[in-house]
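Computed from the coordinates by the stated procedures, all read-outs in this text should not be read as laboratory data. All figures in this text were calculated on a predicted structure; none of them were measured in a lab. Ideal geometry is used to build each Cβ from the backbone, glycine not excepted, and the neighbour counts take in all protein chains shown.
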Amino acid sequence: MKKIELGNKVLLASVENMIFEVVGENPDGSFEIEVKLSDIQVLRYGNISKEMLQLIH
């Protein structure tokens, strides 16, 4: 399995219809992810474990 890194595109297990970008990694190994919804809206989640993410190839 490929390691998740900054800039990777991922799917979140609970929101499978949006492709997120990994924008940060926390000291505990969890990730910060976000998706741009429009020019003025960004949806961002923090403290997401790698088990909740699926890497897009």
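Rounded to whole numbers, the Karplus 3J(HN,Hα) couplings from phi for region 16-24 are 7, 9, 10, 9, 9, 10, 6, 10, x Hz, using 6.51 cos²θ - 1.76 cosθ + 1.60 with θ = phi - 60°, and x at Gly and Pro. Charging the Cβ of each Asp and Glu at -1 and of each Lys and Arg at +1, and nothing else, the dipole of the chain about its Cα centre rounds to 140 debye. Summing Lys and Arg as +1 and Asp and Glu as -1 over all other residues whose Cβ lies under 12 Å from the Cβ of LYS36 gives a net charge of -2. Here each label is just a point 7 Å from Cα along the line to Cβ, and for ASN17 and LYS50 those points are 3.0 nm apart.
For the chain, what is the convex hull (Cα atoms) projected area averaged across all directions, in square nanometres? Show your work: numbers first, answer last.
Details: hull surface 16.0 nm².
So the mean shadow area of the Cα hull is 4.0 nm².
Note down the relative contact order for the chain as a percent, whole number, built from C-alpha pairs under 8 angstrom at least six residues apart. Don't jump to the answer; show the numbers that get you there.
Values: 103 pairs, mean separation 19.5, N = 57.
Relative CO of the chain lands at 34 percent.
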